[in-house]
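Chemist: This is the structure I want to talk about, given as C-alpha cells.
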Amino acid sequence: MTVRVDLPEETLAGVLAKAFGNRSFLIGFAITLLVAAIALLSFVWTPYDVTKLVIADKTQAPSWTHWFGTDHFGRDILSMIMVGARNSIAVALVAVGIGMGIGVPLGAFAAARGGLADEALMRINDLVFAFPALLSAIMITAIFGPGAVNAIIAIGIFNIPVFARVARAGALAIWPREFILAARAAGKGMTQISVEHILPNIATLLLVQGTIQFALGILAEAGLSYVGLGAQPPMPSWGRMLFDAQTRMVTAPWMAIFPGMAIIVTVLGLNLLGDGIADILDPKSRRRR
Amino acid sequence: MATYLLKRLIIAAITLVLASMVVFAVMEILPGDPARLMLGFNASADQVEQLRNQMGLNAPLVLRYLHWAGGLLSLDFGRSYTYSVPVIDLVGERVVVSLPLALIALALSTVIAIPVGVFSAGRQGRAGDTVAMGAAQLGVAVPNFWFALMLIYLFAVWLRLVPAGGFPGWGAGIWPAVKSLLLPAVALALPQAAILARVARSALIEVLNEDYIRTARAKGLPYRAVLWRHALRNAMIPVLTILGLQFAFLLAGTIIIENVFYLPGLGRLVFQAITQRDLIVVESVVMLLVAAVIAVNLLVDFSYAVVDPRLRGRQ
C-alpha cells in the first residue's frame, strides 16, 4: 500500500493562479460569462423588438441590418437568440437547483446511514434511471401541459438521482477519514458531520456535476421546446426557433443555423468550465502533473 | 459468478415491477375518461357507463393493475382507444423502424468512438489527441435534432444523396429502407460517439498507467499490441457501462429524431397517442422502452463478467 501524503490546503491565490493557467477553465469561463451577460443585456436592450412582427421583413438572409437574418414573422434572429438565452439559462439553472436541493441531502443521508436506507435509495435511483429521461420529460409535460415551468420540473426530477449518486459516492469516500472520526469523538451527530465536514469536502464534485447537468439541462430544454412542450410562443426559445426553422430549411437555413450555434456555444462553454474546475480542484489530476 | 448474475437478475426484475407500478399510477391520475373518448361526446352517460364496465375500468385499482401487468407479460397490451386495434399490432409496426434505427446508431457510435478513444489515449497530450478531444468536446455540445436538420440540408436538400424524410417500409427492399434510416442514425450516433470516445480515452489512460502494461512493454510487445490487446480489454468496463446508458439516450433520442425525419417509429406513435389521449398506447410504449433499458443494463452487467474474469471468480 502506498503512503499518501495530503498536500497542504490550497490558498485562494494558488487556486486562482492555477485557474488562469488552465485553458479549459479560461475559455469555458469566458463563454459562460458572455452568455450570461447577453441574457442580462436582453432585459434592457436588444437590436430589435422581438414581440413586434414585421411581415415586410420576413425570412431575410443575414445582412448588416439583421446580422443573423429574420424569421418568418420578420423578427430579428439575433434579438430572439438574446432573449432566448434567458429562458434556457433559467430552466436549466432551476432544474439543477431542484436536483441538488433534493438529491444531495438524499445522497448524503444514504452514505451516512448506510444499510437498508442506502440500499433503498440506490434501488429508487435505478428505477428513475430506467426511464429514458427525455421520454419521461415528454410524458410529464404532455400530461401537465406544455410550458417552461413544467419543463423545469420534468428536467429537475431527473437531476435528483444524478446528484444523489454523486453526493453518496463522494460522502462514502470521506466518512472513513480520520478527521471524521475526530468529529465523531467530539460528539457531533450524523447530520452535523454531514453538513460541516462532508459537504465542504464534496462541494467540488457537486460543482463539476452541476455544470454538466446545467449543460444537459440546456440541451433537454431545447429538445422539449423543439417538440413544442417547452416555453410557449411568443416567448422566444432556442428549441422553438429550431422547430419553426425545420419546415423552412430550404428557403431560410439561417433560421436553423444560428439558434443551433447558440446552443452549441453555451453547452460547450459550460462543459469546458466543468472540465476546468475538475482539473484545478481535483487532487487526483494534481498528482498526475 | 452465478450469485452475481442472479443478484443482478433479481434487481432487474424488481426494478421492472416498480417501473410498471409507476407507469400505471401516472396513467391513473391522468384526467380524461377513455370510454368517453371512444364513444365521442354525443354518447349518453349510460352508454359510457356500460362501456366502462365492459372495459373493466370500474374494477378496483389493484385488480386493474394485476390485469394490465398480467397482460403485459403475455404481450397483450390491450386495444388502442383511438385505432381500435390491439396495441401490440401498432407497436409491432413501429418497432421495426425504431429498433433498427437505435441499433444502427449504437453500432455507428461504437465503431467511431473506440478507435478515436484508442488513438487519443495513445497520443495523450500530443496534437492528434488535442484535435480529437476538441472535436469530441464539440460533439457533446451539439443537439442531435439540430445536427439532423443540418444533415438534411447538406445531404438531402443540397447533394440529394438520400431522402429528406419518410420511410418506404421494409417491403420496399432492404437498401431503400436502410438508406432512409442512415441520416437519422448518423444524427443520433455522432453526439453519442463524442461522449463514448471521451470515456474510452480516459479509461484507457487510467489502464495504461498500470504496472502490467509496463511489464507487457518490458517483455518487448509493440506499443500498438499493448494498447489494443491488453489495455483496451481492461478499459472495457467503463465503456460498456456508458454504452448501456447510451442505449436509453438513443431510445429517447429516436423519439425526437423520428419527428425530424417523419419516420413512423415508436416516437411518432407516442406523440400521436399523447395528443389523442390514447393512454393505453402511451403506457404500453413507455413500459416497452423501460423494459428495453432494464434489459440492456442487465446485459451490460452480464457482459462485465465476460470481459472481466475477476468478476467470474468472485463468490
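Chemist: From the list B:Y65, B:Y4, B:Y81, which residue is touching a Pro at 6+ places or on another chain (Cβ under 6 Å) and either open to solvent by less than 80 Å² (accessible area, probe 1.4 Å) or at pLDDT 85 or above (or both)? Outline the logic, then answer.
Modeler: Details: B:Y65 fails: touching a Pro at 6+ places or on another chain (Cβ under 6 Å); B:Y4 fails: touching a Pro at 6+ places or on another chain (Cβ under 6 Å).
Of the residues listed, the single one that is touching a Pro at 6+ places or on another chain (Cβ under 6 Å) and either open to solvent by less than 80 Å² (accessible area, probe 1.4 Å) or at pLDDT 85 or above (or both) is B:Y81.
Chemist: Mind listing whichever residues of segment B:250-268 are more than 10 Å from chain A (Cβ to nearest Cβ) and open to solvent by 10 Å² or more (accessible area, probe 1.4 Å)?
Modeler: B:Y262, B:P264, B:R268
Chemist: List the number of the failed condition for A:F163; all other conditions in (1) buried (at least 23 other Cβ atoms within 10 Å of the Cβ); (2) of a type in the set (F, W, Y); (3) under 17 Å from B:T15 (Cα atoms) hold.
Modeler: Status for A:F163: all satisfied but (3).
Chemist: Can you find even one residue in segment B:215-226 that is surrounded by 18 or more Cβ atoms within 10 Å (Cβ to Cβ) and touching a residue at least 40 places away in the same chain (Cβ under 8 Å)?
Modeler: Checking segment B:215-226: not a single residue is surrounded by 18 or more Cβ atoms within 10 Å (Cβ to Cβ) and touching a residue at least 40 places away in the same chain (Cβ under 8 Å).
Chemist: List, please: which pairs have Cβ atoms under 6 Å, are six or more places apart or on different chains, and start with a residue in segment A:119-144 that is more than 8 Å from chain B (Cβ to nearest Cβ) and end with one that is open to solvent by less than 30 Å² (accessible area, probe 1.4 Å) and outside any helix (DSSP H, G or I)?
Modeler: Within 6 Å, the pairs are A:T141/A:L229.
Chemist: Pick from B:V286, B:V306: which is of a type in the set (A, V, I, L, M, F, W, C), outside the structural domain of B:L6 (by TED's automatic domain parsing) and open to solvent by 40 Å² or more (accessible area, probe 1.4 Å)? Show your work before the answer.
Modeler: Working: B:V286 fails: open to solvent by 40 Å² or more (accessible area, probe 1.4 Å).
It is B:V306.
Chemist: Filter segment A:171-191 for residues that are farther than 11 Å from A:A112 by Cα, touching a helix residue (DSSP H, G or I) at 6+ places or on another chain (Cβ under 9 Å), part of a helix (DSSP H, G or I) and open to solvent by 80 Å² or more (accessible area, probe 1.4 Å) and give the result.
Modeler: Within segment A:171-191, A:R184 is the sole residue that qualifies.
Chemist: For B:S44, state whether it is among the hydroxyl-bearing types (S, T, Y) and either in contact with a Leu (Cβ under 6 Å, 6 or more places away or on another chain) or at pLDDT 80 or above (or both). Walk me through it before giving the result.
Modeler: Numbers: among the hydroxyl-bearing types (S, T, Y): yes; either in contact with a Leu (Cβ under 6 Å, 6 or more places away or on another chain) or at pLDDT 80 or above (or both): no.
Spelling it out, it is not the case that B:S44 is among the hydroxyl-bearing types (S, T, Y) and either in contact with a Leu (Cβ under 6 Å, 6 or more places away or on another chain) or at pLDDT 80 or above (or both).
Chemist: Just to check your reading of the model, which residue among B:P184, B:P191, B:P176 is more than 23 Å from the chain's Cα centre (by Cα) and of a type outside the set (A, V, I, L, M, F, W, C)?
Modeler: Values: B:P184 fails: more than 23 Å from the chain's Cα centre (by Cα); B:P191 fails: more than 23 Å from the chain's Cα centre (by Cα).
Going through B:P184, B:P191, B:P176 in turn, just one is more than 23 Å from the chain's Cα centre (by Cα) and of a type outside the set (A, V, I, L, M, F, W, C): B:P176.
Chemist: Taking segment B:104-163 as the region of interest, how many residues are among the hydroxyl-bearing types (S, T, Y) and within 23 Å of A:T251 (Cα to Cα)? Steps first, please.
Modeler: First, pick out the residues of segment B:104-163 that are among the hydroxyl-bearing types (S, T, Y): B:109-110, B:120, B:130, B:153.
Retained after the next criterion (residues that are within 23 Å of A:T251 (Cα to Cα)): B:153.
Final tally of qualifying residues: 1.
Chemist: When residues of segment B:123-177 are filtered for being among the β-branched types (V, I, T), under 23 Å from B:L196 (Cβ atoms) and either modelled with pLDDT under 80 or surrounded by 17 or more Cβ atoms within 10 Å (Cβ to Cβ) (or both), how many remain? Walk me through it before giving the result.
Modeler: Filtering segment B:123-177 down to residues among the β-branched types (V, I, T) leaves B:130-131, B:140, B:142, B:152, B:157, B:162, B:174.
If we keep only those that are under 23 Å from B:L196 (Cβ atoms) as well, we get B:130-131, B:140, B:142.
Those still in the list that are either modelled with pLDDT under 80 or surrounded by 17 or more Cβ atoms within 10 Å (Cβ to Cβ) (or both) too: B:140, B:142.
Within segment B:123-177, residues that are among the β-branched types (V, I, T), under 23 Å from B:L196 (Cβ atoms) and either modelled with pLDDT under 80 or surrounded by 17 or more Cβ atoms within 10 Å (Cβ to Cβ) (or both) number 2.
Chemist: Further, regarding this structure: Is segment A:73-93 home to any residue that is of a type in the set (D, E, K, R), part of a helix (DSSP H, G or I) and buried (at least 18 other Cβ atoms within 10 Å of the Cβ)? If you could, list the steps in order and put the result at the bottom.
Modeler: Going residue by residue through segment A:73-93, those that are of a type in the set (D, E, K, R) are A:75-76, A:86.
When the remaining residues are screened for being part of a helix (DSSP H, G or I), the result is A:86.
Keeping just the survivors that are buried (at least 18 other Cβ atoms within 10 Å of the Cβ) gives A:86.
Yes, some residue in segment A:73-93 is of a type in the set (D, E, K, R), part of a helix (DSSP H, G or I) and buried (at least 18 other Cβ atoms within 10 Å of the Cβ).
The values are calculated or read from the model by the stated rules, or taken from the named source; none is laboratory data. Remember, predicted model here, so these are calculated numbers, not experimental data. Heads up, the Cβs are rebuilt from the backbone with ideal geometry, glycines too, and the neighbour counts pull from every protein chain shown. Just the protein is used for accessible areas: all its heavy atoms, side chains included, with ligands, DNA and RNA removed. Shrake-Rupley method; radii C 1.70, N 1.55, O 1.52, S 1.80 Å.
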